[in-house]
1. Could you list all residues from region 60-110 that are acidic (Asp, Glu) and part of a loop (DSSP other than H, G, I, E, B)?
2. For region 45-62, what are the residues that are open to solvent by less than 50 Å² (accessible area, probe 1.4 Å) and either farther than 17 Å from residue 10 by Cβ or over 11 Å from the mean Cα position of the chain (by Cα) (or both)?
3. Those residues that are modelled with pLDDT of 95 or more, within 16 Å of the ligand (Cβ to nearest atom) and open to solvent by 10 Å² or more (accessible area, probe 1.4 Å), I need them from region 75-106; list them, please.
4. Answer yes or no as to whether residue 48 is away from the ligand (no atom under 16 Å from the Cβ), under 24 Å from residue 90 (Cβ atoms) and in contact with a strand residue (DSSP E or B) (Cβ under 8 Å, 6 or more places away or on another chain).
5. Restricting the search to region 16-43, which residues are open to solvent by less than 20 Å² (accessible area, probe 1.4 Å), within 16 Å of the ligand (Cβ to nearest atom) and in contact with a strand residue (DSSP E or B) (Cβ under 6 Å, 6 or more places away or on another chain)?
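The values are calculated or read from the model by the stated rules, or taken from the named source; none is laboratory data. Everything numeric in this text was worked out from a predicted model, so none of it was measured. Note that each Cβ is placed from the backbone with ideal geometry, even for glycine, and that neighbours are counted across all protein chains shown. These area figures cover heavy atoms from the full protein model, side chains too; ligands, DNA and RNA do not enter into them. Shrake-Rupley method; radii C 1.70, N 1.55, O 1.52, S 1.80 Å.
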Amino acid sequence: MDILFLKDFRVELIIGIYEWERKVPQPVLLDLEIGLPNSRAGETDNVADTIDYGQVAARIRAACAALRPALVEALAEHVAQLIRNEFGAPWVRVTVTKLAIVRGVKALGITIERGQRGCVMSHMQPAR
Ligand SMILES: Nc1nc2c(c(=O)[nH]1)N=C([C@H](O)[C@@H](O)CO)CN2
């Protein structure tokens, strides 16, 4: 399975469990690994045969603007489901990182995986 990735993708949103965190958007970094439903794009050189990472970034940025999760876990889950449902990815790994939010800790967050690695979506053509 080929894996598309986006690293250090910065979004800003209201996120957190404390009252002071619910007032101002804060930056969060997303690391995304997206399993591709087929591997044809390397042969065809056609973006229609893969997932367009620009569209993924735009869609996630728009979704985050409307989200106000309490937990990093909830943001990671939302992003993972969006990628799977809207882009047909059979497998995703999503890491959400908050920066300098806890004294003495440079970065913290969550990594989740959803779906099956190496699985081909039933409505898609298998890779040749
Ligand atoms: N497992 C988690 N623990 C905590 C979270 C979280 O999202 N997941 N969030 C917070 C606060 O919002 C934090 O960002 C500031 O201390 C605390 N614990």
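1. The first filter runs over region 60-110 and keeps only residues acidic (Asp, Glu), leaving 73, 77, 86.
Selection gives nothing.
2. 49, 50, 51, 54
3. 77, 78, 95, 97, 98
4. The answer is no for residue 48.
5. Within region 16-43, 28, 30 meet the criteria.
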